[in-house]
Every structure is written in C-alpha cells, then in structure tokens.
C-alpha cells in the first residue's frame, strides 16, 4: 500500500436491504483500486437476508442496536472498526457505475486541505421526475458553487485524520453529513466534488417517502442554518408550487409519461410539508 494512495474502507449502513445490497456489493467488489480496500456493513438488526447476503461476499459485518441507531452513530461505529485511512460511505441502494469508482472518488484527497469528497449521483431505474431533477441540480456533470457546505454520505469519502478531530454528530435525526460539512469547513478544511465517481441512487417515488426524508433532513439542517427555522406555511406552498412547475418542464423535456404529471404536485407537497414540520419541529 503506497503512501500516495492510502487503503480504503467502504462502510455501508444497512437495515432490511436484502433486495438491494447484492447489487451494491457486486459493484464494490469489482473495484480495481490498486492499494486494496476493505468492506464493512454496519447493520441495524435487519430481519431479512441482508446480513446473510453480505457474508456470502465475505465482507465484515458489525451490528448496531436499533434503539441506539442514528445515522451519525452508524458512521462513527464503522470508522472505529476499520483500519483504513480513507473512509468511503456508501448507501446500500447506491450502485457504483464503474470499476474505477473508488479511484475517482478518493482522488481529491491528494490535497491535504480536502477533508472529504462526494461523488455524482444519477437516478436509478424507475426514479420519479421530481427526484431525477433534484439529482441533476445537486450533482451536475461539473462542480458548481453551492449556497452552503455540502456532503452526501450516500456516496462520499472522508479522511480518517479529520474524522478523528470531527466525528459525526450522533444526536441529529438526519443530515449528519451537512452538519459535519459545515463543522469541518469552519475548521478550515474543504469539501470536494468528484463528478466522475458516479453511482445510481434514488428512492421510492411514494409521497410518504418524500415527506419522511424532507422532515428528517430539515430537522438536521436547522442546526446548520438557524435562519431556516423561519420557514412559514406560505413559503412552504410557494416552494411546492415552484418546484412542481420546474418538475413538469423537466418531465416534458425528458419524455415522462402522463401519470407522472399528477404525481409531481403530490410528491412536492409531501416533501414541502415534511420540511415545514422538520424545520419548526411541529
């Protein structure tokens, strides 16, 4: 293992991911990262075949009690178990597209001022137009400046030395990656974007999923930017309407079927309602 390319640990958080974990692990095990890598699942008491599938691939598994689960705690637990200097965090439903994914993702860490890097996320098959457009905005082909520090632990690498100084917050319900990005940026580090490190990653199109994700992420983000707590009902409705309009244009441009046109406002209203309630803890 060379000093120029430290060994990587791929840490995957799981709970009942039996339908998806196989595709993720197959893509991970095909990586051609020359210094070698280790793979660890942090499983939260899955009741399906998730752990059995992981062991078929010969990867390590540690168990985290569900009652103690938080996203940050799972990330920290994985980091304490592995021995590598680069910590790659990957969602169980995120599938690397290329065998050089790890090489591309870790490349920005050659700069010692870079604390972490995140890869590009592309919509998986069946992704709804609303989330597909969100992914296009947040993960473009080339870097664009963002309004606040950003990191997505669905596909990211963190430098262990920085993690030791700044472990993930174990108390926030979600958006632990955004909280961490803000903290390390204030400490003088940079977060890089690696657009050539691509994964296919999206969520079920159900409005209730959009609501839950909106609520959890808003609950975490209000710790990063307290001004977000003044997110009123009128602003919520404007957000849902404005995003729906952009989604309709995106759907028309990309040939989505007519059914999605009715789905779009339901999805955006559910998402905006979750954000409204999460920011105000209503």
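Determine if segment 188-203 includes at least one residue that is assigned to a helix (DSSP H, G or I) and surrounded by fewer than 16 Cβ atoms within 10 Å (Cβ to Cβ).
First, the residues of segment 188-203 that are assigned to a helix (DSSP H, G or I): none.
Checked segment 188-203: no residue is assigned to a helix (DSSP H, G or I) and surrounded by fewer than 16 Cβ atoms within 10 Å (Cβ to Cβ).
Can residue 131 be described as within 23 Å of residue 39 (Cα to Cα) and out of contact with any strand residue (DSSP E or B) (no Cβ under 6 Å at 6 or more places or on another chain)? Break it down into steps so the answer makes sense when it comes.
Working: within 23 Å of residue 39 (Cα to Cα): no; out of contact with any strand residue (DSSP E or B) (no Cβ under 6 Å at 6 or more places or on another chain): yes.
It is false that residue 131 is within 23 Å of residue 39 (Cα to Cα) and out of contact with any strand residue (DSSP E or B) (no Cβ under 6 Å at 6 or more places or on another chain).
Take residue 104 and tell me if it is farther than 22 Å from residue 26 by Cα and either assigned by TED's automatic domain parsing to the domain that holds residue 175 or surrounded by fewer than 18 Cβ atoms within 10 Å (Cβ to Cβ) (or both). I'd like the intermediate steps shown before the answer.
Working: farther than 22 Å from residue 26 by Cα: no; either assigned by TED's automatic domain parsing to the domain that holds residue 175 or surrounded by fewer than 18 Cβ atoms within 10 Å (Cβ to Cβ) (or both): yes.
Here the answer is no, as residue 104 does not meet what is asked.
In segment 113-143, what residues are farther than 28 Å from residue 270 by Cα and in contact with a helix residue (DSSP H, G or I) (Cβ under 9 Å, 6 or more places away or on another chain)? Talk me through it step by step, then tell me what you get.
As a first pass, look at segment 113-143 and keep what is farther than 28 Å from residue 270 by Cα: 113-117, 141-143.
Passing the criteria: 114, 115, 116, 117.
So which of 107, 124, 116 is assigned to a strand (DSSP E or B), in contact (Cβ under 8 Å) with a residue 24 or more places away in the chain and farther than 19 Å from residue 64 by Cα? Explain how you work it out, then say what you get.
Values: 107 fails: assigned to a strand (DSSP E or B); 124 fails: assigned to a strand (DSSP E or B).
Step by step, each of 107, 124, 116 is checked, and only 116 is assigned to a strand (DSSP E or B), in contact (Cβ under 8 Å) with a residue 24 or more places away in the chain and farther than 19 Å from residue 64 by Cα.
Please find, among 162, 179, 172, the residue that is surrounded by 15 or more Cβ atoms within 10 Å (Cβ to Cβ) and at pLDDT 95 or above.
Within the list 162, 179, 172, the selection yields 162.
Going by the structure shown, is residue 184 touching a strand residue (DSSP E or B) at 6+ places or on another chain (Cβ under 6 Å) and part of a helix (DSSP H, G or I)?
On the way: touching a strand residue (DSSP E or B) at 6+ places or on another chain (Cβ under 6 Å): yes; part of a helix (DSSP H, G or I): yes.
Yes.
Tell me whether segment 96-104 contains one or more residues that are closer than 20 Å to residue 119 by Cβ and either in contact with a helix residue (DSSP H, G or I) (Cβ under 7 Å, 6 or more places away or on another chain) or without any contact (Cβ under 8 Å) to a residue 60 or more places away in the chain (or both).
Filtering segment 96-104 for residues closer than 20 Å to residue 119 by Cβ gives 96-104.
Narrowing further to those that are either in contact with a helix residue (DSSP H, G or I) (Cβ under 7 Å, 6 or more places away or on another chain) or without any contact (Cβ under 8 Å) to a residue 60 or more places away in the chain (or both): 96.
Yes, segment 96-104 contains a residue that is closer than 20 Å to residue 119 by Cβ and either in contact with a helix residue (DSSP H, G or I) (Cβ under 7 Å, 6 or more places away or on another chain) or without any contact (Cβ under 8 Å) to a residue 60 or more places away in the chain (or both).
When only residues in segment 33-47 that are outside any strand (DSSP E or B) and at pLDDT 95 or above count, which is farthest from the chain's Cα centre (by Cα)?
In the first step, residues of segment 33-47 are kept if they are outside any strand (DSSP E or B); the result is 33-36, 44-47.
Applying the additional criterion that residues be at pLDDT 95 or above yields 44-47.
Values: 44: 17, 45: 21, 46: 20, 47: 23 Å.
My answer is 47.
The values are calculated or read from the model by the stated rules, or taken from the named source; none is laboratory data. Predicted, not measured: the structure shown is a model, and the values here were computed from it. No Cβ is skipped: glycine too gets one built from the backbone with ideal geometry, and neighbour counts run over all protein chains shown.
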